[in-house]
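The values are calculated or read from the model by the stated rules, or taken from the named source; none is laboratory data. Fair warning: this is a prediction, and the values are worked out from it, not measured in the lab. In this analysis, Cβ positions are derived from the backbone assuming ideal geometry, glycine residues included, and neighbour counts consider all displayed protein chains. Protein only, heavy atoms only, side chains kept; ligands, DNA and RNA dropped before computing areas. Shrake-Rupley method; radii C 1.70, N 1.55, O 1.52, S 1.80 Å.
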Amino acid sequence: MPDPIPPRNSAMAVAAGALKAQQSRMRIIAENIANAESTAQVAGGQPYRRQVPVFQAREIDGATGVTLAQVRPDMSDFRSEYDPGHPAANAEGYVLRPNVDTLVEAMDMREAQRAYEANLNVIETARSMDSRTLDLLKK
């Protein structure tokens, strides 16, 4: 008689970890888009700095999965715009703008959504395979 409790499905565990990582990535991208026009509160101050997710491989049930290791600031240059009437303008009348490119963020969001959907498909396929296996064992 086969063991009544099947071993944990590592494909499902890896896909679930990837879902969580992509969900975090989408949250970070949404924050970047929301702050794409956030300037400094004081003259000469720094505006919002784009955040970048950093993923790390990790072992999950004997398979290699992924997790969000940290969120790092993008150290690329800020955009500068001449607007002497803006409260955050420096002495020359320039305002520093966030280093967020909404087009890049939109493309990253779409990529994250596709990765999320792919991992949902992995989970659905693994569930279907488990169900078929249980059906075969019943016969």
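Derived scalar couplings between HN and Hα for region 94-100 equal 9, 10, 7, 10, x, 8, 9 Hz in order, rounded to whole Hz, by the Karplus curve 6.51 cos²θ - 1.76 cosθ + 1.60 (θ = phi - 60°), x for Gly and Pro.
Model label sites at residue 131 and residue 111, defined 7 Å from Cα along the beta-carbon direction, differ in position by 3.4 nm. Helical runs assigned H by DSSP (4 residues or longer) give the chain a calculated mean residue ellipticity at 222 nm of -16000 deg cm²/dmol, each run adding -39500 (n - 2.57) before division by the residue total. With R₀ set to 41 Å, the beta-carbon distance separating residue 34 from residue 139 gives a calculated FRET efficiency near 0.15.
Compared with the direct C-alpha span, the chain from residue 42 to residue 91 gains 16.4 nm at full extension, assuming 0.36 nm per residue. Under 17 Å from the 7 Å Cα→Cβ point of residue 63, by amide nitrogen: which residues of region 18-52? Flagged as within label range: 18-22. Surface composition of region 9-139: carbon plus sulfur atoms contribute 52% of the solvent-accessible area (1.4 Å probe, protein chains only, all chains present).
For residue 60, the residues 5 or more places off, or on other chains, whose built amide H falls under 5 Å of its own are 65.
If you line up the long axis of helix 10-34 against the longest principal axis of the chain, both from Cα atoms, how many degrees apart are they, to the nearest 10? The answer is roughly 20 degrees.
When the chain is treated as a Gaussian network with alpha carbon springs shorter than 10 Å, the biggest mean-square fluctuation among 84, 98, 53 belongs to 84.
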